[in-house]
Amino acid sequence: MPGNPAAHFGKQLKKERTARGWSLDDLSRQAGIAAGHLSRIENGRRPPTEAIAAAADKVFPERRGWFTEYYLESRTWMPAGFRDWSELENKAARLSVWSPGIVHGLLQSEGYAGALLVTLPGATAEAVGSRLAARMERQRRVLMRDDPPRAWFIVDHAALYRFVGSPAVMAAQCAQLAETARLPHVTVQVLPAVAHPATQSGFTVTEGAAYAEHAFGGYVFTDEQTVTGATSLFDTLRCECYRASESLAVIGKAAGLWTGESRATAARTAATA
């Protein structure tokens, strides 16, 4: 059993590619998967998914289904941190999402997301563009699919007043929050500035998994104890929130500040929020 199943999968993929003298772009064309994504899989920095395994088996039929077989088998012993969260998120029937300090990626407007991404140390225009496109695609994939999950978001009150980009960007972000909150399968509640037990990190919970995020990455949990604990923690936060209708009013008040006549006032307020 390999110590790092994601790395072993990637090595096998690279082995087959290089044996044919293919570049990553060549494999990308054959598999219908972005070259950058394939590179991260080959290097073990991105865990494989069932779709990736199926594409590899199609491109390399002489492996006789090894990639899918390995992927399915590895799920029984693969450490949770090596699992791909997007695959779990795509299949979720329910999502409960908390993000401290900023608006969560699934709720971000394009301008807000871009303004956050450029703050990353060493961020290049190419990297920002790629990450921004992936973030917008994630929103469409999760919230706008034909069978979207029942999604419950808790928004940190401070995030409505933390200056990101410009007053216009903040106004647009508040408008998007309100628009998303009106979707029939989405509930958005604002958590006021009160003491609570989840200041350390944001997290997302589905019916069978949880994902906790920190400054240097994230970790997937699938054990029942952790998922149950994360669900309980989310419910604790939800009990402290404004009601959904009150939350819309709170978002509207913030939007009014950012669209007010005195944008300098808005900027000063953001700096001290």
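Quick one: which residue in L107, L95 is at pLDDT 85 or above and in contact with a Pro (Cβ under 7 Å, 6 or more places away or on another chain)? Checking each option against the conditions leaves just L95. Could you tell me whether the range 161-181 includes any residue that is in contact with a strand residue (DSSP E or B) (Cβ under 6 Å, 6 or more places away or on another chain) and of a type in the set (D, E, K, R)? No, there is no match, as no residue in the range 161-181 is in contact with a strand residue (DSSP E or B) (Cβ under 6 Å, 6 or more places away or on another chain) and of a type in the set (D, E, K, R). No other residue among S96, S109 is of a type in the set (S, T, N, Q), under 22 Å from L233 (Cβ atoms) and touching a helix residue (DSSP H, G or I) at 6+ places or on another chain (Cβ under 7 Å) apart from S96.
Just one of (1) assigned to a loop (DSSP other than H, G, I, E, B); (2) not assigned by TED's automatic domain parsing to the domain that holds G218 fails for T119. It is (2).
Among the residues of the range 217-235, those that are touching a residue at least 40 places away in the same chain (Cβ under 8 Å) and over 15 Å from S201 (Cα atoms) comprise T222, D223.
Residues in the range 20-39 that are among the hydrophobic types (A, V, I, L, M, F, W, C) and either part of a helix (DSSP H, G or I) or in contact (Cβ under 8 Å) with a residue 12 or more places away in the chain (or both): L24, L27, A31, I33, A35, L38. Between F234, F216, the distinction of being of a type in the set (F, W, Y), at pLDDT below 95 and in the same structural domain as R150 (by TED's automatic domain parsing) belongs to F216 only.
Note on the range 177-202: among residues that are buried (at least 16 other Cβ atoms within 10 Å of the Cβ), in contact with a Leu (Cβ under 7 Å, 6 or more places away or on another chain) and not aliphatic (A, V, I, L, M), the one that is farthest from K253 (Cα to Cα) is H196.
Please verify whether V205 is touching a helix residue (DSSP H, G or I) at 6+ places or on another chain (Cβ under 6 Å) and either surrounded by fewer than 16 Cβ atoms within 10 Å (Cβ to Cβ) or more than 14 Å from F234 (Cβ to Cβ) (or both), treating the condition exactly as stated. Judged against the criteria, V205 is not a match. Confirm whether A56 is over 30 Å from P197 (Cα atoms) and in contact (Cβ under 8 Å) with a residue 40 or more places away in the chain. Yes; evaluated as a whole, the condition is true for this residue. Might you let me know whether the range 205-226 holds any residue that is over 20 Å from S86 (Cβ atoms), in contact with a strand residue (DSSP E or B) (Cβ under 9 Å, 6 or more places away or on another chain) and aliphatic (A, V, I, L, M)? No, the range 205-226 has no match at all. Out of curiosity, is R131 out of contact with any strand residue (DSSP E or B) (no Cβ under 8 Å at 6 or more places or on another chain) and either over 27 Å from T199 (Cβ atoms) or not assigned by TED's automatic domain parsing to the domain that holds R238 (or both)? No; evaluated as a whole, the condition is false for this residue.
When T124, T76, T119 are checked against the criterion of being surrounded by fewer than 15 Cβ atoms within 10 Å (Cβ to Cβ), over 21 Å from the mean Cα position of the chain (by Cα) and either of a type in the set (V, I, T) or modelled with pLDDT under 85 (or both), a single residue qualifies: T76. Scanning the range 149-171 for residues that are in a helix (DSSP H, G or I) and within 18 Å of the chain's Cα centre (by Cα) yields a single hit, A159.
The values are calculated or read from the model by the stated rules, or taken from the named source; none is laboratory data. For clarity, every value in this text was computed on a predicted model and none was experimentally measured. Glycine also receives a Cβ, built like all others from the backbone with ideal geometry; neighbour counts cover every protein chain displayed.
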